[in-house]
Amino acid sequence: MGSDPQTTRHWGLTPVSMNRLVAVLEVLLCSSVPTQLALAGALRVSGFPVFDSPGRLSLTFVLILSIGDTLLLATLMVLITRSHGQSVRELWVGRGPIKPEVIRGILLVPAVFLMVVVLLNVLRLVAPWLHNVEANPLEQLATTPGEAAIFGVVAIVAGGIREELQRAFLLRRFEMHLGGAMVGVVVLSVAFGLGHIVQGWDAALVTGALGAFWALIYLRRRSSIAPIISHSGFNSLEILRVAITGQ
């Protein structure tokens, strides 16, 4: 990613500083915060309620917001990546064959599920006060087979696909201009956990750990395929569990 020397002189910035500033702006733009706020505002203005009953999120609102944000973010990330003369395929698919990454992603699903079970139980044993949310508001969206199917689409598209493409894009910004890949792993994992704070502090900590795990898989493989499949598979199993058990 380059910068115009005339521009950097005008702003009093070195090329390195300008690249760092641009990377920060790209991270903020593609963090989901501005896009989701804009889309949520547009939905509310259009008459879509956030809640369909007291304390229960509207599945329609969540579906439209999640799919819309996925499409908007993917477009932004493609445009930004190409504007820097970089390859979108190399960023997300990698240079190697796809089939081994698919298999790896499938094999990681039970490992991720086991990791979550162990971490949650350890946290509830040593720090029970972190379990501060009894009823996960997102799980209430999947209490019937029909709702579970719709929410499954959200979990796969906006969770497994969007979040992993987003993670790869943002990690690349940190790797190139913002302190390195491991700084990106830490910052993005903390943000990923905080983004799930509505599910409780224990869930936020476990989610942050999952974010770090998938980030490290991406950095090792240089492909988003295995993290996408692993993440999507885990989300699908979680929705299936809620649909069956009701909790």
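Please treat every number below as a calculation from the coordinates, not as lab data. This structure is a prediction, so every number in the text was calculated from the model and none was measured. Cβ atoms come from the backbone with ideal geometry, glycine included; neighbour counts cover every protein chain shown.
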Residue by residue through segment 42-54, the couplings from Karplus 6.51 cos²θ - 1.76 cosθ + 1.60 with θ = phi - 60°, in Hz, x for Gly and Pro, are 5, 5, 5, 4, 7, x, 7, x, 6, 10, 9, 7, x
Compute the distance in nm between two label points, each set 7 Å from the Cα along the Cα-to-Cβ direction, one at D52 and one at I67.
1.4 nm
